[in-house]
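Quick notes on the structure that follows.
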Amino acid sequence: MKDTLPHWYLIGTGNIGVLSAHYLQQAGHSVTALRPGDHAILQRELVFGEQSCRLTLPVMDANRLVRPLDALLVACKTPFTRDALLPLQPWLHQDTLVVRLQNGMGALDGLLPDGCTLIETVTTSAVKGRPPRHQVVAENDTWWGGLPQPPDWFPALQQHWPDLHWQADLRHRQWQKLVVNAVINPLTALHDVDNGVLVNDTALLAQAGALCREADALLSRLDPHWPGDSLPNVLAVARTTAGNTSSMRADRQRGNRTEIDAINGYLLRLAEPLGMDLPHHRQLVRTLS
Ligand code: KPL
C-alpha cells in the first residue's frame with residue numbers, strides 16, 4: 001500500500017459520506033465528490049453541538065474521469081452501488097484502495113477488480129439532517145479493517161477522526177451491526193415506529209426474538225465462535241436510539257428504495273448454500289424490497 005496520501009473520490013454525499021470527507025480533509029487528504037451533472041463544487045454545513053463548520057468539495061461527473069483512481073470511498077445507499085460503480089469500471093485497478101462506508105454487507109461483491117484492496121468499516125456515529133445541513137448527533141466509535149495492516153497514514157488520520165480504530169478481523173463486529181440493522185430497521189420501517197418501540201411492544205419484541213434466533217443459528221454455523229444471543233445487543237441499541245427514526249423507516253417514508261437487500265437479503269444469501277431457511281428474514285425481504 002502507498003505511503004503518500006491518496007486522493008479520494010467519494011461516492012455518496014449523504015450524512016456518513018460528508019462526515020468522512022470532513023475528517024479526511026482535516027487530516028490533509030484531498031477528496032473529490034463524484035456526482036452526475038455539472039456542479040463544480042459541493043458545499044455542506046456540518047454541525048457539531050454548538051459548533052459548525054463548512055465542508056467544500058470539488059465535484060466531478062464520473063463519466064468525465066480520465067485517469068485511474070487512487071482511492072475510492074463508497075458511502076452511497078446500497079441499492080445505488082451498482083449504478084454508481086459502473087462508470088468507474090475503466091478507472092478501478094488492482095492498486096485502487098476502496099473504503100466501504102455503508103450499512104449491510106456485500107454491496108460491492110463482484111463490482112471490484114481482482115486484487116483491489118477493500119477496507120470495510122463499522123461505525124456507531126450518528127448524523128442527522130439533509131443536505132446542505134448535517135447534524136453530527138454522536139461522534140462514536142468507528143472501526144476500519146478487514147486487512148492485516150492499516151495503511152501507513154492511518155495513525156495520522158486517527159488524530160483527526162475521533163475514536164477511529166483499526167481491527168484486522170472485523171467480521172464479528174460487522175455481523176453484530178448487520179443483525180442490529182436486520183432487526184431494528186425492517187421492523188421500525190414496516191410498523192412506522194421509532195426504534196424504542198421495539199423494546200416495549202410485545203408483538204414486535206417477539207418478532208425481534210425470532211429474527212435474532214434465525215440470524216444466530218446461521219452465524220453460529222458459519223463461525224462456531226460467534227457468541228449468538230444477539231437479542232440483548234439489539235435491544236440495547238434500540239434503547240440507546242429510542243427516539244430515532246431508523247434509516248430504513250426514513251427511506252420508506254420518503255418513498256426511496258430500502259437497503260433490505262444488503263441487510264436481510266445478505267443473510268439469506270449466506271444461508272442458501274448451507275441449505276438453511278430464515279423464514280422471518282425472507283418475509284421481510286419480500287415485503288420491503
Ligand atoms: O444503524 C441504524 C440505522 O437506522 O440504520 C440504527 C442503529 C438502527 C439506528 O437507527
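Taking label points 7 Å from Cα along the Cα-to-Cβ direction, Met276 and Arg221 give a separation of 0.5 nm. Counting every other Cβ atom within 10 Å of each residue's Cβ, Asp141, Asp109 order from fewest to most as Asp109, Asp141. Roughly what angle does helix 171-191 make with the longest principal axis of the chain, taking Cα atoms, 0 to 90 degrees, to the nearest 10? The answer is roughly 70 degrees. The distance between label points at Arg54 and Arg130 comes to 2.4 nm (points 7 Å beyond Cα on the Cα→Cβ vector). Full extension of the chain between Glu45 and Ala242 gives 68.3 nm of extra length, using 0.36 nm per residue less the Cα-Cα distance. A Förster distance of 41 Å, applied to the separation of the beta-carbon atoms of Phe80 and Ala206, puts the FRET efficiency at 0.75. Return the whole-Å distance between the Cα centroid of segment 71-98 and the Cα centroid of segment 107-175. Segment 71-98 and segment 107-175 have Cα centres separated by 16 Å.
Stokes-Einstein, applied to the Kirkwood radius of the chain over Cα pairs at a viscosity of 1.306 mPa s and 10 °C, places its translational diffusion at 80 µm² s⁻¹.
Rounded to the nearest 0.05, what FRET efficiency do Asp169 and Ala138 have when you use their Cβ-Cβ distance and R0 = 25 Å? Here the calculated transfer efficiency is 0.50. For the pair Asp114 and Arg286, a Förster radius of 35 Å applied to the C-beta separation gives a FRET efficiency near 0.55, rounded to the nearest 0.05.
Note on Ser30 and Thr4: the extension gain reaches 8.2 nm, defined as 0.36 nm multiplied by sequence separation minus the Cα-Cα distance.
Just so you know, all these numbers are worked out from the coordinates, no wet-lab data involved. Keep in mind that what you see is a predicted model, and the values were worked out from it rather than measured. Don't worry about glycine lacking a Cβ; one is built from the backbone with ideal geometry, like all the others, and counts go over all protein chains shown.
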